[in-house]
Structures are given as C-alpha cells and as structure tokens.
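*Asks:* Take this structure first; my questions come after.
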Amino acid sequence: MEDGLSSSWGPVTSTDWCEKNYVHSSYIAELFNTISNVPGILLALIGLINALRQQFEKRFSVLHISNMILAIGSMLYHSTLQRMQQQGDETPMVWEMLLYFYILYSPDWHYRSTMPIFLFFYGAGFAVVHAIFRFGIAFKVHYIILCLLCIPRMYKYYIYTQDISAKRLAKLYVATLFLGSICWLSDRVFCKEISSWYFNPQGHALWHVFMGFNSYFANTFLMFCRAQQRGWDPKVAHFLGVFPYVKIQKPKSQ
C-alpha cells in the first residue's frame, strides 16, 4: 500500500490490507481498520453484562471476554502492521472458535472432562506453533475448518428452536457473516481496482463491524438455546429497543 506519514513502528512485517498506511497518524497504520473494532468491543461488553447480571454459566462470560480480546488484538495488529501483533490477532481467533466448539458440543458429550482438556492443549499447542512459524493460507484454511465444524450444531439448534425472535437472531448471524465475507473478499481480491477509486469503501473495516455484530448475534442465540436446555424460560428482549438480549426466569430451585 502507498504510505503517507512516516511509521512509528518500523517497516511493515505483517499482512497488509487495502487501506493506505499512516495517512492520519504516524502511530496508527490503518485508521479505519483499527477503529472499526470498537463496535465489537462494545457489543461484547453488553453481552458480558447481561451474562453476569442474569448469572449465566461462566462459559458465556468467557465467550464475551474472548470477543473483546480478539477485537483488541485486531486493533493492535492494524495500528502497527507488525508480525507479532498479527499473531496476537490470529491466535485468539482460533481460541475463540475452540470455545464455540465447546459451548456447542459439550452438552451432549459423553466424556465431558475430556473435551476441555483436549481443547486447552490444542489451543496451547497452536499458540506455540503459530509463534514459531508464519502461516499464510494455511491459517485461513485451518480457521475455516474450525468454523465449518461448528455449522452442523448451529443448524441443529436452529431447527429445534421454535421461538421466532431466537430464529431471527440466527438469521441475523448468517446475514452478517455473508455480508462481512463479501466485504473481506472484495477488499482482498479487488484491492488494486479499489485503490484507484476516489473513495475507498474500506471493505476490511466493514468486515470488522459486521463480525462484531455477527459474534453478538451468535452469542445471544447460543445463550437462548442453553437457557432452553436448562429450563430457564428464555425470552428475547431488546436493550434500548435495539440490541437483542436473552432474559431468563430460573426456577426457584436453581
């Protein structure tokens, strides 16, 4: 990418994107790709507060926190464009998918203690290997496989959920994933053409925004499904009349 101001972080050592570097500040390589993570942090904070306030299982608090960590890692990566910061963005992506895998499959896992142990060592092993070796397409393929492994269970939850509002959350999850993927691919594949435009639509930044909402919708839908499993009479309510969240009513015995 064509550079603007001088860099405070040294030469680019990570994957570069279609946004011009250091145009607005010598401390922020890609301004739009950096600040576009803020909505994801705020949405994860809303989800965390709701999970804590209604005393959901700790796994959901950890899930919302992992969304925040991922967004912060992405901010550090895009603001510096350094290899170490890129790894600090990509490793939490894998950890987050392992957490989703646990939440989706653990309720029916016959040997429950084995799953968190296996996923912990898998995540730790990946972090070590990823810190030593630099992956390109291999990382993307690995991440896509983890995502695909979660789809059958998400679909099963969807077809067994009768609540219309909860189904709408799942549809919003799919829609934001689809739109975000188009933005990501457009920014990556057509960067040369986009760079010649008078206005860059910042496809990668839009990907961050869509994925912030995508994670929030996914988490909220999973919280609804888990509340159903536990018999907590879940309902989808709306914070400020806009943001959906799960409201539950636990039996007095719980």
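The values are calculated or read from the model by the stated rules, or taken from the named source; none is laboratory data. Because the structure is predicted, anything quoted here is derived from the model rather than measured. Heads up, the Cβs are rebuilt from the backbone with ideal geometry, glycines too, and the neighbour counts pull from every protein chain shown. Heavy atoms of the whole protein, side chains included, go into the accessibility calculation; ligands, DNA and RNA do not. Shrake-Rupley method; radii C 1.70, N 1.55, O 1.52, S 1.80 Å.
*Asks:* Within the set of pairs 6+ apart or on separate chains, which have a first residue in the range 171-187 that is closer than 15 Å to His204 by Cβ and free of Cβ contacts under 8 Å to residues at least 40 places away in the same chain, a second that is open to solvent by 60 Å² or more (accessible area, probe 1.4 Å) and not charged (D, E, K, R), and C-beta atoms under 6 Å apart?
*Replies:* Every condition considered, the pairs that remain are Cys183/Leu206.
*Asks:* Sort out which residues of the range 206-226 are out of contact with any strand residue (DSSP E or B) (no Cβ under 6 Å at 6 or more places or on another chain) and among the hydrophobic types (A, V, I, L, M, F, W, C), and write them in order of number.
*Replies:* Selection gives Leu206, Trp207, Val209, Phe210, Met211, Phe213, Phe217, Ala218, Phe221, Leu222, Cys225.
*Asks:* Is there any pair linking a residue in the range 127-147 that is within 17 Å of Gly88 (Cβ to Cβ) and touching a residue at least 24 places away in the same chain (Cβ under 8 Å) to one that is assigned to a helix (DSSP H, G or I) and open to solvent by 50 Å² or more (accessible area, probe 1.4 Å), with Cβ under 8 Å and at least six apart or on different chains, and which?
*Replies:* Correct list of pairs: Ala127/Trp95; Arg134/Arg83.
*Asks:* Which condition does Leu63 not pass, out of (1) touching a residue at least 24 places away in the same chain (Cβ under 8 Å); (2) in contact with a Ser or Thr (Cβ under 8 Å, 6 or more places away or on another chain), if it passes all the others?
*Replies:* The failed condition is (2).
*Asks:* Looking only at helices (runs of 4 or more DSSP H) that lie completely in the range 81-199, which have at least 1 residues being closer than 25 Å to Tyr245 by Cα and open to solvent by 40 Å² or more (accessible area, probe 1.4 Å)?
*Replies:* 83-105, 137-159, 164-189
*Asks:* Related question: Within the bounds of the range 45-55, is there any residue that is outside any helix (DSSP H, G or I), in contact (Cβ under 8 Å) with a residue 60 or more places away in the chain, open to solvent by 50 Å² or more (accessible area, probe 1.4 Å) and closer than 30 Å to Lys247 by Cα?
*Replies:* There is at least one residue in the range 45-55 that is outside any helix (DSSP H, G or I), in contact (Cβ under 8 Å) with a residue 60 or more places away in the chain, open to solvent by 50 Å² or more (accessible area, probe 1.4 Å) and closer than 30 Å to Lys247 by Cα.
*Asks:* I would also like to ask the following. Please specify each residue of the range 213-251 satisfying the condition of being among the small types (Gly, Ala, Ser) and open to solvent by less than 10 Å² (accessible area, probe 1.4 Å).
*Replies:* Ala218, Ala227, listed by residue number.
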